Amino acid sequence: MAKKNYGQVYNILGWGDPYFTVNSHGHLAVKPHGRDTMSGQELDVHSVVHKALATTITTNDGDKKPQFPMILRFPDVLKNRLDSLHAAFHGAVESTGYASRYQGVFPIKVNQNKAVVQDLVTFGHGYSYGLEAGSKPELLIAMSCLAKAKPGAYLVCNGYKDADYVALALSARAMGLNAIIVLEMEEELDIVVEQSARLGVEPVIGVRAKLLTKIPGHFGSTAGKHGKFGMLADKIYEVAGKLKKMGKLHWLKLLHYHVGSMIPTTDIVYNAAAEAAGIYCALVKEHGATGMTTLDCGGGLGVDYDGTRSGSSDMSVAYGLEQYASSIVQAVRLTCDDNGVPHPVLCTESGRAMASHHSMIILEALSAIPEPQDEEDTHHRLLSKIQDLSSKQPRTAHTVNGGGGVDAMHSHAVELKKHGIEMYKLAKKLSKRVTGDANGIYNYHMNLSVFSLVPDFWGIGQLFPMMPVSRLNEKPTINGTLVDITCDSDGKVEKFIRDAVTLPLHPLDDAAAEHGGYYVAALLSGAYQEALACKHNLFSGPTLVRVESAGGGGAFKIVSVELGPTAEEVIGTMRYDVKNDISDVIEKVATENGVWPMVEPLMKKGLTTMPYLNDYKPPKTTF
């Protein structure tokens, strides 16, 4: 009789298609070529973890074994994402008769890791795929990596700029790179003019439009007329006029916009592209910028983290690559045709959608402890508190401070916010209490720092799909939350996709030991997490494992295993001279106390290994 597959408990068919599945062994598996993955080519994640753990790493401090936590990278998936994006735009261009092409860039800020950036340039060579930089360090990375790109690949220079940034971008053009300096503010034009004259290098510039099209939720905070970046249309036309007076309007080649990192629906994708195309056409027809060539549609191609395809929250989008590409191509084509303007080259800065799927974080379970329930907070009492609070609406602005002026309106808004937060907190406690009353909740202590591995969860409430790596042919019977090893009460994961307050897990029993440990994967985590990671408690980055498909039969090869930063390296980032401030002081005091022979090897091991727990033997789950 076939074993049951409990992968759908975690909605793997929703967020995981077409890259993740559960195999016949009940293990999480990767389909490295997406829909083109043939039967037998799936990579068993549990086997990958154990093969990585068996790898010996030679370092200056001797041979070492990998430690948890670890990130598994699957570059085959990264290549498939890039190929699929270009196939989607190629299909849209062909089917609509669009008279230009698509040529995208990867925003380095999404994942600055050397292997990721270099892979994308290599995989994208045939597409003239380029890079976007938002700072001087990122620009230097881009200049180096694009030296191996196909000539003409874009180097889009975004972000606020000083003279050094602009000069560096101009030097990239002098090197033969297709660097485009995108103006975020009108004042940056003066810097470009000055540095161009100083260096004798003619620039290519773009302008960033601040569109009126907005998206809801957190990711829309940098869009609309109150957005952080760019210029409104009238200001852009002023810049064009200024360039025209200087006889430099031929410098202007690109219009850029960005309405948010996760555009939820194709309606908004279409509306934003149409609005931007209208500004592009006005620049060409009404302001004489006939040298314009490119419309950069920015980021926004989202990832369906919760797998609902609903677009109803910051965790979901209601479209795929084909629908996204079609919406942009159609909007720009129709707008340009209506205005009699040639179709521009279309560029996007689709970073999240490119990088998310190829990387997963593997977390090691250390122990599972039942969470005690608060006797005073029964679900009946919590419900009563919610009902009582909902009946006590804050006073309206007209009754606050005796009038309806600005101060009264502000006071009312503050009270509404407090009221809403208190309602949310009570509802959250009620949801968790109901779950706990039904089956109990266990805190799974994980070899993890939330702040270093999934900082977006802590910072903005970003949710990632999570599931066990093995035992997926066994029904998960425990409602678990994940607790990290930092000394911070925020270091826990107790909210999951689909509005869940617990994650279905298995007991840490003999079966877990037989599998060599119990591991939980945080998936779709290849975008932003490494770049945003912090060093709270001086925990730092994970072990990095590069895994490539090696043909059929699920064969794979571990291409590289790189240990995360050692304690010595992390301490050094806090401006300590590790030898003078740490090692020598400890040696002196230990010698004075006659314990240096005992302390020396312990100190050396502490300094030369990763800060996370090592060789920890988890106790069995206590019921």
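The values are calculated or read from the model by the stated rules, or taken from the named source; none is laboratory data. Just so we're clear, the structure is a prediction, and the values are computed from it rather than from any experiment. Cβ placement follows ideal geometry from the backbone for every residue including glycine, while neighbour counts extend to all protein chains displayed. These area figures cover heavy atoms from the full protein model, side chains too; ligands, DNA and RNA do not enter into them. Shrake-Rupley method; radii C 1.70, N 1.55, O 1.52, S 1.80 Å.
Summary table
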quantity: Positive minus negative residues near Ala527 (Lys, Arg vs Asp, Glu; Cβ under 10 Å); calculated: 0
quantity: Accessible area of the chain belonging to carbon and sulfur atoms, whole % at 1.4 Å probe; calculated: 53
quantity: Virtual spin-label span in nm between Ala163 and Ala87, 7 Å along Cα→Cβ; calculated: 5.1
quantity: Cut-off 15 Å between beta-carbons: net charge of the residues surrounding Cys347, Lys and Arg +1, Asp and Glu -1; calculated: +1
quantity: Selection from Leu363, His287, Gly553, by position along the positive dipole direction of the chain (Cβ); calculated: His287
quantity: For peptides 570-582, 200-212, 518-530, sequence by mean Cβ density within 10 Å, most packed first; calculated: 518-530, 200-212, 570-582
quantity: Formal net charge of residues neighbouring Ser144 (Cβ-Cβ distance under 12 Å; K, R +1; D, E -1); calculated: +1
quantity: Exceeding the 25 Å Cα-Cα cut-off - candidates Lys51/Lys114; Lys495/Lys535; Lys161/Lys242; calculated: none
quantity: Nonlocal amide H pairs with Lys492, under 5 Å, H built at 1.01 Å; calculated: Asp484
quantity: Contact order normalised by residue count of the chain, Cα under 8 Å, 6+ apart, percent; calculated: 17
quantity: Mean ellipticity per residue at 222 nm, deg cm²/dmol - from DSSP H runs of n ≥ 4 across the chain, formula -39500 (n - 2.57); calculated: -11500 deg cm²/dmol
quantity: Entry for log10 I(q)/I(0) by the Debye sum over Cα atoms at q = 0.08, 0.11, 0.12 Å⁻¹ (calculated from the structure that is shown) out of (i) -0.83, -1.10, -1.16; (ii) -0.68, -1.17, -1.29; (iii) -0.62, -1.13, -1.29; calculated: (ii)
quantity: Probe 1.4 Å, accessible area per residue of the stretch 567-608, Å²; calculated: 72
quantity: Point-to-point label distance, Lys245-Asp61, nm (Cα→Cβ direction, 7 Å offset); calculated: 6.2
quantity: Percent antiparallel among DSSP beta bridges (both partners in the chain, rounded to 5); calculated: 50
quantity: Relative packing of 46-58, 318-330, which averages over residues the other C-beta atoms within 10 Å, highest first; calculated: 318-330, 46-58
quantity: Dipole magnitude (debye, nearest 20) for the stretch 75-356, charges at Cβ of Lys, Arg, Asp, Glu; calculated: 420
quantity: FRET efficiency for Asp337 and Ser95, using Cβ-Cβ distance with R0 set to 22 Å, rounded to 0.05; calculated: 0.90
quantity: Check: the chain dipole with +1 on Lys, Arg Cβ and -1 on Asp, Glu Cβ, in debye; calculated: 860
quantity: Between helix 596-608 and the chain: long-axis angle, C-alpha atoms, 0 to 90°, nearest 10; calculated: 40
quantity: Probe 1.4 Å, protein heavy atoms only - accessible area per residue of the stretch 75-356 in square angstrom; calculated: 37
